[in-house]
Structure formats: structure tokens, C-alpha cells
Amino acid sequence: MTVEQFLEEQNKAIKELHMTSASSSWMAATTGEDEWNQKTAEAQTEFNKYLANPERFEQVKAYLAQDDLTAVQRRQLESLRTGMAGKQIAEADLKEMVERSTELIGIFNTFRATIDGKPVSENDVRQILIKNNDSAKREEAWHASKQIGKEVEEKLLTLVKKRNEVARSLGFKNYHEMSFEHQELDRDEIFSIFHKLKELSDEPFREMKHEMDSELAERFGISIDDLRPWHYADPFFQEAPPSKELDLDPFYEGKDLEQLTIETFKSMGMDITDMLANSDLYPRDKKNQHAFCTDIDREGDVRVLCNNVPSDYWSVTMLHEFGHAVYFKYVDPTLPYLLRTCAHTLTTEAIAMLYGRFGKDPAWLHQFLGLDKEEVKELTPLIEKSLRRQMLIAGRWIMAFTFFERELYENPDQDLNKLWWKIVQNVQFVNPPENVDYPHWAAKIHFTLVPVYYQNYLLGELTTSQLHSYIENNISKDMFTPEVGTYLIEEYFKPGALYEWNEKIEKATGEKLNPQYFIDQFVTKVLV
């Protein structure tokens, strides 16, 4: 069989497996029904079994050793090798991991926290943490948001240990190390960047947080030392609390988030109405309460799941998720199926974040949200300060998560509850609650749903700053123009997975990933 015939066969088989898995997973997330959780597990197991085939894996490696391959053939084979390497284990192990993971995701999809015995949604908790000034009620809501942690802790740790066992059978120290290898990421290099970022941002973050804590202490009538996790706007301190002078939520009252999103992309020459029609955007019982984007068939069936209520949070989330969606939509349809996707998770996160940042862009607020010029002018310093806060807070949160996750896989038997708060205190400067002997960390769905993924968020933010700088200096100062859209489609979306991620960034911006753009934009600026 020639390499081209082999690849044709792989593209066809993987397309069918991917579509079945993606469709089932969508149904599970939108219905919360056990039947779809079961079908998702079965589809994922079939997919994994296909990738686990040892003869096929050897064949891929043999073809890769040939020196007469075209660039497109080589990239497809590399993609196959990466996807198959972590699956070279017993079928029973593959099946067990999928079943355990699916069971946990089912719990996350349908679980509802309770306050005073009454079920509350994540949107309810978020509203209390954003709006309510009663510390006791906030504390209650915060603890409610962590109830899911206790529910999943034991099952999650069993899964973590299983993942480690599988990684060791493939010659890795643990699952974390294996995952970095299979994501084409140099673990030492990435963590060295993160530690450098932490060091550089320690002082600016400390200054910014002290200023913010002073505002919060005044708001709640307590001292700064008495601030606890529930005094922030997000259960994990991922988001900046609304500042006293800036609350964008009232501007969204009566606004149609779908229309805002349509108009934003339209200004860049991108049409999202087809994808909106396939999406599921509003909250209801048993539906997954988070947000994500999925490409069902790599032929245009791209869907977004949200739980929208008119607010700054959900407007930014819509822009973020449809950032993923346009990337999927505008990949060159003539590419082979294996390459008809994003170059890397971090490259699609970068686009989603580019769009998500528009929610704190004065030009966007004027053009799309309809704030008048004088109002925008007045709000601009506050908006810029708010975005810097958000980026510093998000950056520190991602570091806390990634540092903890690495330790989780290094030794899942250590006192993880205590370790979590040690890292949160050291990186996010948040005072722990009185009782740290509780699996607060396990309430974060990413440990279950997308393990060893979180580093891609920070790498995405770094890429976003580099991309934004390149666009402003080489394409247009105004982001909302067809020229910017054309650049993104032609240079960033269309090539799909044709290039390794850093080569792709270099082709699009003229240099490989350089954290300096993020540092200049958000870290050193704070010191001025």
C-alpha cells in the first residue's frame, strides 16, 4: 500500500469516528441524559481502540522514516503518530479510562449545588459573587460552588492514578509528562516561561491586588486581612471583580448577545449565522452549565454551547467561543481531514482570547454596544485598567492551576487539599478559608474533562498579545475591518494543522512565540 493510499484510508476512518464521538458528546452536554453519556463513552472507546492498533502505529512510524514524503503527507503522519502514541495500551485500560471520565462528566453536567436545601445554578452563584454585599451570603454561595468537588473527588483521584499507570506502561514518569510530549510541548521550557512570568508579575500583581483588595474591604466593611475567597467575583478568582467605578453589566440590559456577536464578526467579513443556528445558547435543567465550541464534522457543522443571560460575562464568552468557531469554519476545506483543524489547542485559544478581549475594548464598546463617544472616552482609563487587572488575574490563576496539576500527577496521594491552598496563596495571593481540608480544587471541571490542558490557556494569551501587536503594526490599528478578517482567515485559519504550532505562529507574525508582547502589554505597563 502506498503512503497516499494509507493516508486516504486513515482520513476516512478517523472522520467517521470523530463525527460519531463529537455528535454523542454534544447530545450528552445538551440533554444530560445517561443514554447519551453511555453512547459518548462507547464512541470514544471505539475511537481510542482504532488509535491503539499496534500494527497501524508501526505502519505510521515506518512511513515517517521514508525520505520521499511530501510536507502534507509528513504532517498527516506526524498527527497520526501524536494521536496514537498515548493509546498504545490494553483495550481494557482504554475502556476503563473513558468510562470513568464519562461518568464524571455526567455528574458535572447534571449536578446542581444547593443553598439552604434549594438547588442553584452556576449563574445564580456567579450573580451572588458579583452583586451581593452580604459576606455571609457570599460565603454560603462560594461553599455551594465547591460541593461538586466533594462529589467527584474520589472518582477523580482513581482516574488520575489510572492515567498515571497507563503513562508509566508507555515509558513515561506520569500522565502529565506524557501529555506534554504528545501535545508537542517542551515541559521544561513551558514551565520556565511560566515561572519567569510569575517572577516578573509578582510586584505588579501585588500592587494591583492591594488596590483591588482595598476597594473590596471598603465595600464589605472589613479589613484587607479578613478578605477570603468568597469576597472575589469568581469562585476560583479567575475574573476581576467589577470595580467600584466600572460595572459594564447595565450596558447589556435589553441587548441581544447573538446580534452583538454577529455584528462583531461581520465587521471583519466573517459570517457566523450558520453556526449560531446549530448552537445551544440558553440555560435549562440538566444541560452542561459551562461553555464550549465543537467542530462536529470539519465540513461546516460547528456548534457553540453557552448559558447566556445579558451580561458582560456571557457577552465575552460568546465572543470567545465564536472565536474558536470561525477558526474551525475557515480552515481550508481542501486540506485532508487529519489537517482540517487548528494547528494546536493553544492556537485556537489565542483566537478565542483575541475576541474575548474585545469586551474590554473601548472601540468595541462604542461601535457594537452603542456607548456614546463621550461615555467611552470617560470610561477608557477604567476599561484599560480593568483589562490589565483581568489579564494579570487570569494569568496568575492559570499558573496556579498548572502548577497544582503538575503536582497532582507527580503524587496523587499527597495532601492535595492543603497543597491547593498553599499554591493559591503563593500565586494568587488569596487568603484560604478556615477549613482547607476539603477538595475545593476538584470543583474545577478541567481536571476531569480536559486533563493537562490548562497551560494552553496561558500560551494562548501570550500568542494573543503577539498577534494583536502584529495586526496593529502591520495590518490595521482598527481591529473591526475586513482587512483584519482577511489576514486572520488567510494567514491564521486557512493553513489548519499544516504546520507545527510554533512554526505557524512564526509564519503568521514573523517570529516564534515571544512572551515579551504579553509582558509589555499587561505586566510592565502596571508599573508605569
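The values are calculated or read from the model by the stated rules, or taken from the named source; none is laboratory data. The shown structure was predicted, so the numbers you read here are calculated from the model rather than taken from an experiment. Note that we place each Cβ from the backbone using ideal geometry, even for glycine, and neighbour counts take in every protein chain shown. The area values use the complete protein model at the heavy-atom level, side chains included, leaving out ligands, DNA and RNA. Shrake-Rupley method; radii C 1.70, N 1.55, O 1.52, S 1.80 Å.
List of remarks:
- Wholly within the stretch 139-256, helices (runs of 4 or more DSSP H) carrying at least 3 residues that are small (Gly, Ala, Ser) and over 30 Å from THR524 (Cβ atoms): 147-169
- Condition check for PHE265: within 26 Å of the chain's Cα centre (by Cα) and not polar (S, T, N, Q): yes
- So LEU392, is it open to solvent by less than 30 Å² (accessible area, probe 1.4 Å), closer than 24 Å to LEU227 by Cβ, part of a helix (DSSP H, G or I) and not aromatic (Phe, Trp, Tyr): yes
- Of all residues in the stretch 478-502 being open to solvent by 60 Å² or more (accessible area, probe 1.4 Å) and in contact with a Lys or Arg (Cβ under 8 Å, 6 or more places away or on another chain), the one that is nearest to ARG340 (Cα to Cα): TYR499
- Of the residues making up the stretch 432-463, just one is surrounded by 17 or more Cβ atoms within 10 Å (Cβ to Cβ), more than 22 Å from ASP188 (Cα to Cα) and polar (S, T, N, Q), namely THR448.
- For the stretch 115-138, filtered to residues that are part of a strand (DSSP E or B) and open to solvent by 40 Å² or more (accessible area, probe 1.4 Å), the residue that is farthest from ALA90 (Cα to Cα) is LYS118.
- Residue within the stretch 261-274 that is in contact (Cβ under 8 Å) with a residue 60 or more places away in the chain, open to solvent by 10 Å² or more (accessible area, probe 1.4 Å), of a type outside the set (Phe, Trp, Tyr) and in contact with a strand residue (DSSP E or B) (Cβ under 6 Å, 6 or more places away or on another chain) present: no
- Residue tally, condition open to solvent by 60 Å² or more (accessible area, probe 1.4 Å), modelled with pLDDT of 90 or more and either under 26 Å from the mean Cα position of the chain (by Cα) or closer than 23 Å to ASN123 by Cβ (or both), over the stretch 218-250: 3
- Taking the stretch 252-274 as the range and being of a type in the set (Phe, Trp, Tyr) and either over 11 Å from LEU369 (Cβ atoms) or modelled with pLDDT under 95 (or both) as the test, only PHE265 passes.
- Residues in the stretch 57-99 that are open to solvent by 50 Å² or more (accessible area, probe 1.4 Å), assigned to a helix (DSSP H, G or I) and modelled with pLDDT of 95 or more: GLU58, GLN59, LYS61, ALA62, ALA71, VAL72, ARG74, ARG81.
- Residue satisfying all of: in the stretch 1-50; outside any helix (DSSP H, G or I) and either of a type in the set (Asp, Glu) or touching a residue at least 60 places away in the same chain (Cβ under 8 Å) (or both); least open to solvent (accessible area, probe 1.4 Å) among these: GLY32
- If you check THR464, THR402 for being of a type in the set (Ser, Thr, Tyr) and farther than 30 Å from THR102 by Cα, only one passes: THR464.
- Residue in the stretch 458-479 that is within 30 Å of ALA141 (Cα to Cα) and in a helix (DSSP H, G or I) present: yes
- Residue match in the stretch 352-360 (condition: of a type in the set (Phe, Trp, Tyr) and open to solvent by 30 Å² or more (accessible area, probe 1.4 Å)): no
- ILE475 being over 30 Å from MET97 (Cα atoms), open to solvent by 20 Å² or more (accessible area, probe 1.4 Å), free of Cβ contacts under 8 Å to residues at least 40 places away in the same chain and of a type in the set (A, V, I, L, M, F, W, C): yes
- Criterion applied to GLU375, GLU407 was being part of a helix (DSSP H, G or I), open to solvent by 50 Å² or more (accessible area, probe 1.4 Å) and modelled with pLDDT of 95 or more, and the one residue passing it is GLU407.
- Residue that is modelled with the lowest pLDDT [pool: residues in the stretch 511-528 that are open to solvent by 60 Å² or more (accessible area, probe 1.4 Å) and not in a helix (DSSP H, G or I)]: VAL528
- Residues that are open to solvent by 10 Å² or more (accessible area, probe 1.4 Å), among the β-branched types (Val, Ile, Thr) and touching a residue at least 24 places away in the same chain (Cβ under 8 Å) were ranked within the stretch 332-347; the one that is nearest to TRP501 (Cα to Cα) is THR345.
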